[in-house]
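The values are calculated or read from the model by the stated rules, or taken from the named source; none is laboratory data. It should be emphasised that the depicted structure is a prediction, and the values quoted were computed from it without experimental measurement. Every residue, glycine among them, receives a Cβ derived from its backbone with ideal geometry; neighbour counts consider all protein chains shown.
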Amino acid sequence: MTLTESEKSQDFESVLPLINVIFLLLIFLILGGIFTEPELLEVRPPESISDKQFTDEPVQILLDEEGELAHDGKIISMQRFQQLIQQAISNNPEASVQIKADQKVHMQKVFEIMEIIKNAGYENFQLLTLKI
């Protein structure tokens with residue numbers, strides 16, 4: 001009888017390292033998910049076949065389905081957006097501007113934003129899309 005009891009304890013001891021590894025993986029996955037910051041507005045960009053990547057730190061503007069603008073975690077007005085673009089071009093004329101617009105937003109609103117960017121003097125701006 002003592003022989004079978006010691007075999008059972010050995011089986012239990014062989015599972016302990018596996019449990020430790022599982023807990024370490026769980027902790028890693030929980031901490032890894034915390035570092036991503038959610039966007040202020042829910043935006044689903046349209047799809048595109050282009051997969052161009054950007055290297056510099058652009059000015060990113062979010063435009064949701066209702067036409068609300070957001071930048072740097074804050075909802076902004078169209079007038080504030082114009083001021084922001086003017087400040088950005090005076091700080092760095094070579095920087096790019098990214099427009100991340102929802103696929104259901106009216107294109108007239110996107111064109112208005114693009115016109116403001118052009119009038120400010122920016123030639124380098126992108127309309128972000130999802131790769132198909």
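For Phe28, work out the one condition from (1) loosely packed, with under 10 Cβ neighbours inside 10 Å; (2) modelled with pLDDT of 80 or more it doesn't fulfil.
Result: Phe28 passes all but (1).
Answer yes or no: is there a residue in region 38-52 that is surrounded by 11 or more Cβ atoms within 10 Å (Cβ to Cβ) and modelled with pLDDT of 85 or more.
No, region 38-52 contains no residue that is surrounded by 11 or more Cβ atoms within 10 Å (Cβ to Cβ) and modelled with pLDDT of 85 or more.
Mind checking whether some residue in region 83-92 is in a loop (DSSP other than H, G, I, E, B), modelled with pLDDT under 85, out of contact with any Gly (no Cβ under 7 Å at 6 or more places or on another chain) and within 11 Å of Tyr122 (Cβ to Cβ)?
Within region 83-92, the first condition is being in a loop (DSSP other than H, G, I, E, B), and the residues that meet it are 92.
Filter once more, keeping what is modelled with pLDDT under 85: 92.
Going one step further and asking which of them are out of contact with any Gly (no Cβ under 7 Å at 6 or more places or on another chain), we end up with 92.
Checking the rest, the ones that are also within 11 Å of Tyr122 (Cβ to Cβ) come to 92.
Yes: one or more hits.
Show the residue pairs that are 6+ apart or on different chains and have beta-carbon atoms under 9 Å apart, the first residue being within region 115-128 and free of Cβ contacts under 8 Å to residues at least 40 places away in the same chain, the second being loosely packed, with under 15 Cβ neighbours inside 10 Å and basic (Lys, Arg).
What qualifies is Phe125/Lys118.
Just checking, does region 70-92 include any residue being of a type in the set (Gly, Ala, Ser), surrounded by fewer than 16 Cβ atoms within 10 Å (Cβ to Cβ) and more than 20 Å from the chain's Cα centre (by Cα)?
Looking for residues that are of a type in the set (Gly, Ala, Ser), surrounded by fewer than 16 Cβ atoms within 10 Å (Cβ to Cβ) and more than 20 Å from the chain's Cα centre (by Cα), one finds at least one in region 70-92, hence yes.
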